[in-house]
Structures are given as structure tokens and as C-alpha cells.
Amino acid sequence: MKKLISGILLSSSLFYGAASATTIYYSATDIADTTTGEDLWQYNYSVTDNAFAAFDGFTIWFDYGLFENINPVTASFDWDPVTWQPENILGFGDDGAYDALALVDNPDLSVDFTVSFAWLGGPEGPGAQFFDVYDGNYDLIESGMTVAAPVATSVPEPSTLMLMGLGSIGLLGIQRKKNSNK
């Protein structure tokens with residue numbers, strides 16, 4: 001139901017004014033389980049493409065039936081993070097959430113927002129989530145899906161490149177010597 005309402009509000013905000021293009025990247029890490037039968041994970045979020053003002057914020061939704069024991073781990077001092085748990089109220093599953101409220105204009109976005117939780121889904125692990133961005137009046141200004149963080153590729157160190165270059169020069173020298181002896 002929240003997603004439907006958020007979608008309707010987003011559609012109306014797109015009609016009446018342009019929405020920004022906030023991107024929230026995530027990486028999911030399987031962490032050591034502390035309770036038998038509980039599958040603990042951690043999300044690290046990084047938020048880009050938005051200059052938040054004081055009292056603007058974002059909410060990342062945790063689907064009922066897939067997550068429990070949602071706990072904020074880290075955030076910058078420029079933010080006030082809070083979580084609420086997914087629960088079953090009157091027979092209706094209600095999603096949980098991680099919410100971060102900016103306490104200052106242009107809050108620090110260089111630090112990851114980290115959340116731990118128990119994963120109730122399958123062995124593939126958790127993935128993308130629905131998020132909302134709101135302004136200081138708590139009006140919805142944008143919605144979207146989190147995006148998997150790009151995987152860092154290894155770059156050879158300069159010393160490795162130098163050794164490879166010297167080896168190539170040596171092989172070329174040997175090849176030239178063989179060709180000149182023919």
C-alpha cells in the first residue's frame with residue numbers, strides 16, 4: 001500500500017514539477033550469525049546526485065516477510081538515522097524502513113549509511129530495495145530503487161607494470177638477437 005501511495009504522489013510531483021535524480025547504491029554483505037537459525041546481513045548505502053537541505057531525507061523500505069531486526073550501524077553526524085521493524089498489524093504485513101533525516105544543509109554524503117538485519121529470504125541474499133526522498137515538509141519528491149554498487153576492478157600497481165614492461169623489452173631484445181644471428 002505504501003508503494004502505491006508513494007507511486008501516486010511521485011506521479012503527481014512529476015506532473016507539477018521536476019524531480020531530482022537521487023541514486024542510492026547498495027552493497028550487501030553476509031556477516032557472522034550470532035543467533036542459531038538467523039541469517040545476518042549488512043547493507044552499506046551511498047547516496048549521490050542530491051544536495052539535501054536541513055530536514056530533507058530519504059527512506060529505504062524493507063519488505064515484510066523478507067527482513068527483521070533492522071538496526072542502523074553507522075551514519076554521519078549530519079544525519080539522524082532511525083529504523084522501524086516490519087510487522088503484522090491486524091493481519092496486514094507492514095514494511096519496515098531505514099530513514100535518514102538531514103540535520104544540516106548539504107549534509108555529509110561521503111560516509112556510507114550502514115544497516116544490519118536478519119534476512120528471511122532465499123539463499124541468493126538480499127537485493128535492490130524501494131526508496132523515497134522527501135523534503136522538509138515531508139512531501140514526497142522522488143522514489144526509486146536502490147542500485148548495486150559497481151564492483152571495483154583491480155588495477156596493477158606501478159611496480160608490476162614496470163616489471164612487465166622490462167620483461168617485454170628483454171624478450172624483444174632476445175628475439176632481435178636471434179633474428180640477427182640468422
**Request:** Please give, to one decimal in nm, the separation of the simple spin-label points placed at Asp105 and Val147, each 7 Å out from Cα toward the Cβ.
**Result:** 2.8 nm
**Prompt:** Given a Förster distance of 45 angstrom, what is the FRET efficiency for Thr35 paired with Asp135, based on the Cβ-Cβ distance and rounded to 0.05?
**Reply:** 0.70
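Computed from the coordinates by the stated procedures, all read-outs in this text should not be read as laboratory data. The structure displayed is predicted, hence computed values, not measured ones. As a convention, Cβ positions derive from the backbone with ideal geometry for all residues, glycine included, and neighbour counts pool all protein chains shown.
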